[in-house]
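This report refers to the structure that appears directly beneath it.
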Amino acid sequence: MDPKLIRNFSIIAHIDHGKSTLADQLLLQSGTITEREFHSQILDDLEIEKERGITVKARSVTIDYKKDGQTYELNLIDTPGHVDFHYEVNRSLAACEGALLLIDAFQGVQAQTVANAYAAIEVDLEIVPVVNKIDLQVIRVEEVLEEVENILGLDASEALRVSAKTGLNVDTVFDAIISKIPPPSGSPDKPLKALVFDSKFDKYRGVVTYVRMVDGVIRKGDNIRFMRENVNSEVIEIGQFRPGLVPCKELGPGQVGYVLTGVKELSRITVGDTVTMANNPAEAPLPGYQKPKQMVFCGMYPLDATGFESLRDELQKLSLNDSSFSFQPETSDALGFGFRCGFLGMLHMEIVQQRLEREQDMDLIQTAPNVTYEILTKSGKTMVIDNPQDVPDPSQIDEFREPIAKVSFIVPAENVGTIMQLSQDRRGIYKNTEFLGPTRAQVVYELPLSEIVYDMYDKLKSVTRGYGTMDYEIIGYTAADLVKMDILVKGEQVDALSTIVHRSTADRRGRALVKRLKTEINKHQFEIAIQAAIGGKIIARETISAFRKNVTAKCYGGDISRKRKLLEKQKEGKKRMKQFGAVEIPQKAFLSVLEAN
Ligand code: GDP
Ligand code: MG
């Protein structure tokens, strides 16, 4: 394949601005898929993506496009737009020469439009602005283009105007891809160099490695080497995503495809690695990727002890497909053997948990998430804390540090005051405000990560009636007056319920948490005291009184079917319970911390 006829590009945008729809439209108009297949977003093939309508994993697809008697090979990499998935976006960008920057014709530039555009600018991609959804009744294209120029500094004069849904003007997208995005460079005669930009585990084929070719040619039967891991393996099959796996004879410079090898161990193939030829290796590997930093941690425990090994297997499989989360065995007095898992953010955590439960059919108890802290001990040691249980005795702590994020909000001008109040209440430090146009502004704050990961997004949505968006990046750690708050149930500390809080909010949070727990834990035959404590000092208390009657007593003995229903309901509820001493604590209680702010 002549590299001059290849174009590698991504579609980047704020969530819901139409990336997946445009991707499908490109597939449809190029004949890669049929009208029938177009009906729903075919690149979003994870069950959870279909359900939530968001793209979680970046996807790749090869499109043949005929123009002026030539057949071009367009490799499209679909990306997720949510703040938690920057890592996926950055990986996709490294495999491309250009990007279509999609902007909703009504909503305009949003927080992730800015973040994704900057990421593309940083790696020198050619950016083609595309205003989407021009079929909508109410649009404000001119203002949107002004925003593109003002806040992104891009030339908007040649921006495209399309409807991904109806297909209107989508031909101009093909033209722009071919005329504006540069073809890849690279030589077939140099030693093989290909970037591993993704991988996944397929039940039938084993490990599928996604590669972007840089130099050299790869064929079936070649003996290749994964440079970083130093593993050699024979190529069993190579092919392209069309959009299913379709084998091909060879992959040359600039092409994007997949490689099946004999490598069985999931952990041996790492994203960002370089593939080369075993008998004629490249001198140095490609730069690869920066490891993503997990910022939110929680415990995941199998519902019963026998599930531990299978949970380990499933986590391992999932981590091959999503290298941005981490897991390590841990034990809890309350929950037994489980794993401490690290995520890029809260949405990421939810998605991993749901994928485990849906795709792998696991029943899990998940503990409340926390961010990563640093503690400088009196003996001069720096500890990284990703579990409140690891916080040493206060007498040992010299400095307690928390991660700080630079947060940019894009909100309607009339909401600027509210956002400032919201940030101020959460210990934010004001940075600046910039107007995108007459009606919208970008407000920048530095905020403790712990104050934004839980519910900032929801709060923002509610105060701006859905019009506000936010994005954040971690800028470092600073010292703060933090303490570990413990929870005692019937006089005994439940380790998995401990949290780290700022001293100024400890009383309020403690009271809110015990109140919340009171509603989550069912009545038992005896009275249960729920207490919050800091360093042994009780700061809040609630009591769950003992229940008197048998549950079925409510049914007045008569109605059998109602009685059965009630018992079944109870059984279902039990599924997610964990026995702690004599007290049963439901899964939901472990997440109470989130709602008790
Ligand atoms: P993504 O999150 O960027 O991948 O966005 P999607 O492609 O999932 O689209 C989000 C929503 O916008 C879906 O309901 C689409 O049907 C809708 N949408 C996408 N493109 C258009 C368009 O050109 N016009 C209209 N009216 N709706 C669109
Ligand atoms: Mg999508």
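Taken together, the values in this text are just the output of simple stated rules run on the coordinates, not laboratory data. Source: prediction; values computed, not measured. Here Cβ is always computed from backbone atoms with ideal geometry, including for glycine, and neighbour counts include all displayed protein chains.
Can you list residues from other chains, or at least 5 along the same chain, whose modelled amide H is less than 5 Å from the amide H of ARG228?
Result for ARG228 returns THR274.
So for the chain, averaging the separation of alpha carbon pairs under 8 Å that are six or more residues apart and normalising by length, what relative contact order in percent results?
Values: 1273 pairs, mean separation 57.7, N = 597.
Once divided by the residue count of the chain, the mean separation gives 10 percent.
With N set to the residue count of the chain, report its C-alpha Rg divided by 2.2 N^0.38 Å to two decimal places. The partial results should precede the final answer.
Numbers: Rg = 26.6 Å, N = 597, 2.2 N^0.38 = 25.0 Å.
Computed over Cα atoms of the chain, the ratio equals 1.07.
Once the piece of chain linking GLU359 and THR306 is laid out straight, how much longer is it, given 0.36 nm per residue of separation minus the C-alpha distance between them? Show your work: numbers first, answer last.
Numbers: separation 53, 0.36 × 53 = 19.08 nm, distance 1.92 nm.
Gain on stretching GLU359 to THR306: 17.2 nm.
Would you calculate the separation in nanometres between label points at VAL463 and THR34, each defined as 7 Å from the Cα along the Cα-to-beta-carbon direction?
With each label placed 7 Å out from Cα toward Cβ, I get 5.2 nm.
At a Cα cut-off below 20 Å, give the aspartates and glutamates reachable from LYS249, other chains included and same-chain residues fewer than 8 away excluded.
LYS249 reaches ASP2, ASP64, GLU73, ASP189, ASP215, ASP222, GLU234, GLU237.
Mind checking the dipole of the stretch 134-252: about its Cα centre, +1 per Lys or Arg Cβ, -1 per Asp or Glu Cβ, Debye to the nearest 20?
Dipole about the Cα centre, nearest 20: 880 debye.
Run the simple label-point estimate for LYS66 and ASN432 please: 7 Å along Cα→C-beta, distance reported in nm.
Placing both labels 7 Å beyond Cα along the Cβ direction yields 5.3 nm.
Report ³J(HN,Hα) in whole Hz for each residue of the stretch 363-374, in order, from the Karplus equation J = 6.51 cos²θ - 1.76 cosθ + 1.60 where θ = phi - 60°; Gly and Pro get x.
9, 10, 10, 10, 8, 4, x, 9, 8, 8, 10, 10
At SER379 and LEU136, where each label point lies 7 Å from the Cα along Cα→Cβ, what is the point-to-point distance in nanometres?
With each label point 7 Å from Cα toward Cβ, the separation is 5.9 nm.
³J(HN,Hα) across the stretch 183-197 via Karplus (A = 6.51, B = -1.76, C = 1.60, θ = phi - 60°), whole Hz, x for Gly/Pro?
After applying 6.51 cos²θ - 1.76 cosθ + 1.60, I find x, x, 9, x, 10, x, 8, 6, x, 4, 9, 9, 8, 7, 9 Hz.
Taking amide H positions as placed 1.01 Å from N in the peptide plane, with prolines and chain starts having none, which residues 5 or more places from ILE385, or on another chain, fall under 5 Å of its amide H?
TYR373, GLU374, ILE375
At a 10 Å Cβ-Cβ cut-off, how would you order HIS502, HIS86, HIS17, HIS524, fewest neighbours first?
Values: HIS502 18, HIS86 23, HIS17 28, HIS524 15.
Going from least to most buried by this count: HIS524, HIS502, HIS86, HIS17.
Calculate for the chain the 222 nm mean residue ellipticity that helices alone would give, adding -39,500 (n - 2.57) per DSSP H run of length 4 or more and normalising by residue count, nearest 500 deg cm²/dmol. Don't skip to the answer; put the middle values down first.
On the way: 16 runs with 157 residues, N = 597.
My calculation for the chain gives -7500 deg cm²/dmol from helical runs alone.
What's the angle, to the nearest 10 degrees (0 to 90), between helix 308-321's Cα axis and the longest principal axis of the chain?
Computed tilt is about 30 degrees.
Can you list residues whose amide H is under 5 Å from ASP104's amide H, if they're 5+ apart or on another chain and H is modeled 1.01 Å from N?
When sequence neighbours closer than 5 places are left aside, the close amide H contacts are ASN132.
Roughly what % antiparallel, to the nearest 5, for the DSSP beta bridges in the chain?
Numbers: 114 of 134 bridges.
So the antiparallel bridges in the chain amount to around 85 percent.
Rounded to the nearest 0.05, what FRET efficiency do GLU350 and THR172 give with R0 = 51 Å and r taken as the Cβ-Cβ distance? Could you check? Each step should come with its number before you reach the end.
Values: r = 38 Å, r/R0 = 0.74.
Efficiency, rounded to the nearest 0.05: 0.85.
Sorted from fewest to most neighbouring beta carbons within 10 Å, what does the list TYR118, TYR467, TYR72, TYR445 look like? Please list the in-between numbers first.
On the way: TYR118 13, TYR467 17, TYR72 20, TYR445 25.
So the ranking, lowest neighbour count to highest, is TYR118, TYR467, TYR72, TYR445.
Treating only the Cβ atoms of Lys and Arg (+1) and Asp and Glu (-1) as charged, compute the dipole magnitude of the chain about its Cα centre; round to the nearest 20 debye.
Working: 74 positive and 84 negative charges, 496 e Å.
Dipole of the chain, to the nearest 20 debye: 2380 debye.
For the stretch 441-466 and the stretch 154-229, what is the separation of their C-alpha centers, rounded to whole Å?
Centre-to-centre distance over Cα atoms comes out at 35 Å.
Within 10 Å, at most 11 other Cβ atoms, and a DSSP state outside H, G, I, E, B define an exposed site. Report the longest part of the chain free of exposed trypsin sites (Lys or Arg not before Pro).
On the way: sites that count: LYS203, LYS249, LYS264, LYS378, LYS381, ARG465, ARG548, LYS549.
So the longest stretch without any such site is 1-202.
So what are the ³J(HN,Hα) numbers for the stretch 290-295, from phi and the Karplus equation (6.51, -1.76, 1.60; θ = phi - 60°), rounded to whole Hz, Gly and Pro as x?
These are the phi-based 3J(HN,Hα) values: 6, 5, x, 9, 6, 10 Hz.
Could you list CYS298, CYS248 in order of exposure, starting from the residue whose Cβ has the fewest other Cβ atoms within 10 Å? Could you put the intermediate results ahead of the total?
On the way: CYS298 23, CYS248 17.
Going from least to most buried by this count: CYS248, CYS298.
Among LYS200/LYS515; LYS459/LYS484; LYS180/LYS461; LYS406/LYS523, which pairs are too far apart, with a Cα-Cα distance over 32 Å? Spell out each step's value before the answer.
On the way: LYS200/LYS515 44 Å; LYS459/LYS484 25 Å; LYS180/LYS461 37 Å; LYS406/LYS523 44 Å.
Listed pairs above 32 Å: LYS200/LYS515; LYS180/LYS461; LYS406/LYS523.
Report the one residue of TYR454, SER10, GLN110 whose Cα lies farthest in the direction of the positive end of the charge dipole of the chain (charges on C-beta: Lys and Arg +1, Asp and Glu -1; origin at the Cα centre).
Ranked along the dipole, the leading option is TYR454.
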